Every structure is written in structure tokens, then in C-alpha cells.
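The values are calculated or read from the model by the stated rules, or taken from the named source; none is laboratory data. Quantities reported herein were computed from a predicted structural model and do not represent experimental measurements. In this analysis, Cβ positions are derived from the backbone assuming ideal geometry, glycine residues included, and neighbour counts consider all displayed protein chains.
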Amino acid sequence: MSPAGDEVGAAESPAASGGSWYGLVDIASEAVQKFEDQQTRAPVACQDCGEPLRTGPNGENYCPFDGSIWGPGPRRIGQISNTHN
Ligand SMILES: [Zn+2]
């Protein structure tokens, strides 16, 4: 019934948006941090065939398709031997 009530609520939000801006900066830097982590940690998919990597018993990230073990870089750091091929 009273649209003025909504306007009062909207007028209060600019004060809160100041905090949101800094929140966005934090999110952005956090995204950069995650990106850098991906560059220094093992990839999530095989660089040869794009197959999602699985985690082996020793924590290695390997491709279930061709058995390649991927490390930071990403670069191939090995090959699992217990494949069914
Ligand atoms: Zn692969």
C-alpha cells in the first residue's frame, strides 16, 4: 500500500554498498589466489585428453583414460602402472 516504505529501505542501502565494494575486491583477489594455486598445483583434468583426473592412493592426480599422472605446471610427472590396458 505504501511505496514510500520501500524508498526508505533503498535509501539506507548505499551505506552498506560501501562495504560491498571492498567485499568485491576481496573476492577478486581471492579468485586470483585460486588461479595462482591452480598454476602451482596439479590440474583437475588431463592435459592430453581432457579427462577429469582422479586421485590415486598416494594422492597423485592421474588420468583414468591414459594413466598419466599430472603435477604442477601442469606437467606430466609420471604414469600409473596399474591400468587395465
Ligand atoms: Zn588423459
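Here are the numbers:
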read-out	value
Count - residues of region 40-52 that are more than 8 Å from the ligand (Cβ to nearest atom) and among the polar types (S, T, N, Q)	1
Any hit, region 7-20, residues being of a type in the set (A, V, I, L, M), surrounded by 15 or more Cβ atoms within 10 Å (Cβ to Cβ) and modelled with pLDDT under 85	no
Scope region 21-46; condition at pLDDT 85 or above and surrounded by 15 or more Cβ atoms within 10 Å (Cβ to Cβ); matching residues	Pro43, Cys46
Residues of region 53-77 satisfying the condition of being under 17 Å from Thr40 (Cα atoms) and either within 13 Å of the ligand (Cβ to nearest atom) or in a loop (DSSP other than H, G, I, E, B) (or both)	Leu53, Gly59, Glu60, Asn61, Tyr62, Ile69, Trp70, Pro72, Gly73, Pro74, Arg76
Residues that are more than 14 Å from Ile77 (Cα to Cα) and small (Gly, Ala, Ser), drawn from region 21-44	Gly23, Ala28, Ser29, Ala31
